[in-house]
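Visitor: Before I ask anything, here is the structure I am working with.
The values are calculated or read from the model by the stated rules, or taken from the named source; none is laboratory data. This is a predicted model, so every value here is computed, not measured. Glycine gets a Cβ as well: all are built from the backbone with ideal geometry, and neighbour counts include every protein chain shown. Surface areas here come from the heavy atoms of the whole protein model, side chains and all, with no ligands, DNA or RNA. Shrake-Rupley method; radii C 1.70, N 1.55, O 1.52, S 1.80 Å.
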Amino acid sequence: MHIRGDHAELAVGGRLDVRSAADARTALHSALDDGHGDLVLDLTGLDSWDATGLGVIMGAHRRAGRTGRRLVLRGVPPQMQRLLVATRLHRILAIEGGLEAESLPRV
């Protein structure tokens with residue numbers, strides 16, 4: 001996994017899983033604590049995530065709310081969109097452009 005960016009936008013690539021969760025959490029918390037306004041998390045380059053990776057995203061979402069910010073997901077890959085819909089997290093998370101929930105196959 002690799003993360004690049006600043007306190008306003010981060011791009012995540014590779015795998016967001018149990019092995020990379022601690023580094024991802026640190027990067028997200030630092031960006032949230034050091035900035036203001038929306039933090040855009042570009043997931044276009046993300047290959048996969050597991051439950052731990054999803055937990056990192058949800059933790060960052062909660063931390064953003066506590067700091068008066070908003071975590072916005074951009075470029076959510078289709079298989080991850082399906083997971084967000086299946087878990088109904090697409091109703092909680094801010095997703096740029098929204099999800100085409102009606103066109104996604106049920107999981």
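Visitor: Taking only the range 32-42 into account, find how many residues are out of contact with any helix residue (DSSP H, G or I) (no Cβ under 7 Å at 6 or more places or on another chain) and either assigned to a strand (DSSP E or B) or touching a residue at least 40 places away in the same chain (Cβ under 8 Å) (or both).
Guide: Looking only at the range 32-42, we keep the residues that are out of contact with any helix residue (DSSP H, G or I) (no Cβ under 7 Å at 6 or more places or on another chain), and these are 33-38, 40-42.
In the following step, the residues that additionally are either assigned to a strand (DSSP E or B) or touching a residue at least 40 places away in the same chain (Cβ under 8 Å) (or both) were identified as 38, 40-42.
Selection size over the range 32-42: 4.
Visitor: Additional query: Restricting the range 7-59 to residues that are among the hydroxyl-bearing types (Ser, Thr, Tyr) and more than 18 Å from Gly98 (Cα to Cα), which is least open to solvent (accessible area, probe 1.4 Å)?
Guide: Initially, the range 7-59 is screened for residues among the hydroxyl-bearing types (Ser, Thr, Tyr), giving 20, 26, 30, 44, 48, 52.
From what is left, the residues that are more than 18 Å from Gly98 (Cα to Cα) are 20, 26, 30, 48, 52.
Numbers: Ser20: 11, Thr26: 95, Ser30: 56, Ser48: 36, Thr52: 52 Å².
The extreme case among them is Ser20.
Visitor: Out of curiosity, is Gly13 of a type outside the set (S, T, N, Q), outside any helix (DSSP H, G or I) and on the phi > 0 side of the Ramachandran plot?
Guide: Considered against the rule, which asks whether it is of a type outside the set (S, T, N, Q), outside any helix (DSSP H, G or I) and on the phi > 0 side of the Ramachandran plot, Gly13 comes out as no.
Visitor: On to the next question. Kindly provide the set of residues from the range 43-58 that are in contact (Cβ under 8 Å) with a residue 12 or more places away in the chain, over 17 Å from Gly75 (Cβ atoms) and small (Gly, Ala, Ser), ordered by number.
Guide: Across the range 43-58, the qualifying residue is only Gly55.
Visitor: Still on this structure, I have one more. Identify the residue in the range 60-97 that is within 22 Å of Asp23 (Cβ to Cβ) and in a loop (DSSP other than H, G, I, E, B) and, among all such residues, is most open to solvent (accessible area, probe 1.4 Å).
Guide: Filtering the range 60-97 for residues that are within 22 Å of Asp23 (Cβ to Cβ) and in a loop (DSSP other than H, G, I, E, B), the one most open to solvent (accessible area, probe 1.4 Å) comes out as Thr67.
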